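These notes concern the structure reproduced below.
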Amino acid sequence: MRLNLKQFIFCFVVVQGFTQVQQEVNPPENIKSVIFRGATEEQFPVIQLGDQLFLEFDDLLAIEQDYYYSIVHCNYDWTKSQLLKSQYLNGMDNQRIINYENSYNTLQPYSNYQLTIPNANVRLKVSGNYILEVYNSSYQLQFSRRFVVY
């Protein structure tokens with residue numbers, strides 16, 4: 001009986017370690033004004049399949065850094081799903097965010113980055129919970145945001 005209890009506790013701890021909830025990551029100090037929304041100005045983006053998502057943020061370093069985005073499909077409880085990217089995406093993510101502008105005539109220099117999904121590179125195939133992750137050129141996660149597609 002004692003051995004069974006130890007085995008149960010061990011299995012419980014191991015299973016909990018593999019099912020990590022995907023949390024939002026807040027941006028570093030140089031990234032400000034992160035706006036992530038659907039077609040409306042709602043606080044949490046919930047969109048219909050085929051509708052657009054908009055991401056916009058400012059980088060106060062203002063050196064035209066390269067940022068890349070990745071889309072992760074999650075289960076109902078925000079754990080990473082077992083779906084392959086090809087099962088929930090048309091096209092490819094891990095693409096560079098190419099829409100950006102530098103500020104001019106401002107006291108604080110900054111670069112403004114904008115991303116729309118779907119775009120020419122990627123389109124969502126299935127409904128569900130998703131996380132949009134933004135990485136720098138060293139592939140370090142800068143921030144992430146949750147969204148829901150129905």
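Suppose we keep only residues that are modelled with pLDDT of 95 or more and over 13 Å from the mean Cα position of the chain (by Cα) within region 61-75. Which one would you say is farthest from F36 (Cα to Cα)? Even if it seems obvious, please write down each step before you answer.
Here is the first cut: in region 61-75, the ones modelled with pLDDT of 95 or more are 66-75.
After this cut, where a residue has to be over 13 Å from the mean Cα position of the chain (by Cα) as well, the list is 66, 75.
Details: D66: 19, N75: 21 Å.
Step by step, filter region 61-75, then rank; the result is N75.
Looking at region 11-34, can you tell me whether even one residue there is assigned to a helix (DSSP H, G or I), under 28 Å from S138 (Cα atoms) and modelled with pLDDT under 95? Step through it out loud before you land on a result.
If we filter region 11-34 for residues that are assigned to a helix (DSSP H, G or I), which is where we start, we get 11-18.
From what is left, the residues that are under 28 Å from S138 (Cα atoms) are 17-18.
With modelled with pLDDT under 95 added as a condition, the list becomes 17-18.
There is at least one residue in region 11-34 that is assigned to a helix (DSSP H, G or I), under 28 Å from S138 (Cα atoms) and modelled with pLDDT under 95.
Given the criterion more than 18 Å from N129 (Cα to Cα), charged (D, E, K, R) and in contact (Cβ under 8 Å) with a residue 40 or more places away in the chain, identify the matching residue among E41, E56, E29. Step through it out loud before you land on a result.
Details: E41 fails: in contact (Cβ under 8 Å) with a residue 40 or more places away in the chain; E29 fails: in contact (Cβ under 8 Å) with a residue 40 or more places away in the chain.
Selected residue: E56, the only one of E41, E56, E29 that is more than 18 Å from N129 (Cα to Cα), charged (D, E, K, R) and in contact (Cβ under 8 Å) with a residue 40 or more places away in the chain.
Which of the residues belonging to region 33-48 are of a type outside the set (V, I, T) and surrounded by fewer than 13 Cβ atoms within 10 Å (Cβ to Cβ)? First the steps, then the outcome.
As a first pass, look at region 33-48 and keep what is of a type outside the set (V, I, T): 33, 36-39, 41-45, 48.
Across region 33-48, the qualifying residues are S33, A39, E41, E42, Q43, F44, Q48.
The values are calculated or read from the model by the stated rules, or taken from the named source; none is laboratory data. What you see is a predicted model, and the numbers here were worked out from it, not measured in a lab. In this analysis, Cβ positions are derived from the backbone assuming ideal geometry, glycine residues included, and neighbour counts consider all displayed protein chains.
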